Amino acid sequence: MSKEQSTIHEFDINLICEYFASIERQGPGSPEVTKQALQFVDNLTKNSRILDIGCGTGGQTMVLAQNTTCNIIGLDLFPGFIDIFNTNAQKLDLAQRVSGIIGSMDNLPFDNEQFDLIWSEGAIYNIGFERGIREWNKFLKPGGYIAVTEASWFTEQRPQEITDFWQNAYPEIDTIAHKVAHMQTHGYIPIATFILPEKCWIDHFYELQIEVQEPFLQKYKGNKTAEELVAYERHEYELYKKYKAYYGYVFYIGKKI
Ligand code: SAH
């Protein structure tokens, strides 16, 4: 990339981060669902260590912190999200045992068998579910848990429009049965799976975006990236309302053998 191109690219990324930083979560989820998934994880103590990969601004991380006594590291690629994460941890008086660091999920800066629990909501798709659960396994202690959310098909047959959309957005989307089979193959006992309720997408994600879209478009009037981003998010919401019977996010909780 030329310097000019990379500057443009950085500007785009900063713009996208600014948009998503203005809402509480950067993907579908809710405090209730985070707590529900946490109930399947046994044996956490104040000496346990949790790693939250692709933590964003830390919406779900703070819920984990408030419902455990563990030490928690949140890791995300984008420095702007980590700044907000650490500010939030301080505001909530959690900074002593919750810290955000910048890093990439495909090159984690940790020794093997360091964590009792690896968490990742709405983020593993960045390297793909199968690669993620395979590569992250070594960072878990034996008997440690993994809990991730992943876009999944609910049915074997789907309308063409939604199949095409996902083939383009994330071809690794698959049925719950296939995802569970991957967990089994890559060294985990499948402990639980459950489908995130629709309100995780509608109330906690798309509706929150509606409130920030117009001010964002005004601020970046005429900016192509800003316009395309908002148009894409609006399109995604329309598709979700139309086809939510066929797909959604699923929590997958596994235990390392
Ligand atoms: N877990 C948060 C954020 C989900 S959005 C929530 O549920 O609200 C996906 C997150 O993955 C974003 O914060 C994005 O910055 C992060 N991300 C994307 N690629 C990444 C990578 N290679 N390594 C670490 N984080 C990454």
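Since every read-out is calculated from the coordinates, none of them should be taken as a lab result. Bear in mind that the values here come from a model prediction, so they are computed numbers and not experimental data. We place every Cβ from the backbone using ideal geometry, glycine too, and count neighbours over all the protein chains shown.
Observations
- Region 99-114 residues that are within 22 Å of N88 (Cβ to Cβ), paired with ones that are among the polar types (S, T, N, Q) (beta carbon under 8 Å, 6 or more apart): S99/N86; G100/T61; G100/N86; M105/S120; M105/N126
- Residue selected from region 114-144 under the condition of a type in the set (S, T, N, Q) and within 17 Å of the chain's Cα centre (by Cα), by the criterion farthest from the ligand (Cβ to nearest atom): S120
- Where H178 falls short, out of the listed (1) farther than 15 Å from Y246 by Cα; (2) out of contact with any helix residue (DSSP H, G or I) (no Cβ under 7 Å at 6 or more places or on another chain); (3) in contact (Cβ under 8 Å) with a residue 60 or more places away in the chain: (3)
- Here N43 meets the list (1) farther than 20 Å from L140 by Cβ; (2) more than 16 Å from the ligand (Cβ to nearest atom) almost entirely, failing just condition (1).
- Residue satisfying all of: in region 31-64; touching a Phe, Trp or Tyr at 6+ places or on another chain (Cβ under 6 Å) and over 20 Å from G100 (Cα atoms); surrounded by the fewest Cβ atoms within 10 Å (Cβ to Cβ) among these: V41
- Scanning region 148-176 for residues being over 26 Å from K138 (Cβ atoms) and either within 16 Å of the ligand (Cβ to nearest atom) or aliphatic (A, V, I, L, M) (or both) gives a total of 2.
- Among the residues making up region 239-257, those that are crowded, with 20+ Cβ neighbours inside 10 Å and of a type in the set (A, V, I, L, M, F, W, C) are V250, F251, I253.
- Inside region 190-215, residues that are over 28 Å from I133 (Cβ atoms) and of a type outside the set (V, I, T) make up a count of 8.
- The lone exception for D76 - which of (1) in contact with a Cys (Cβ under 6 Å, 6 or more places away or on another chain); (2) surrounded by fewer than 23 Cβ atoms within 10 Å (Cβ to Cβ) it fails: (2)
Every residue, every condition in (1) of a type outside the set (A, V, I, L, M, F, W, C); (2) closer than 20 Å to P197 by Cβ, yes or no:
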position: S120; (1), (2): yes, yes
position: A123; (1), (2): no, yes
position: I127; (1), (2): no, no
position: R131; (1), (2): yes, no
position: K141; (1), (2): yes, no
position: A147; (1), (2): no, yes
position: Q160; (1), (2): yes, no
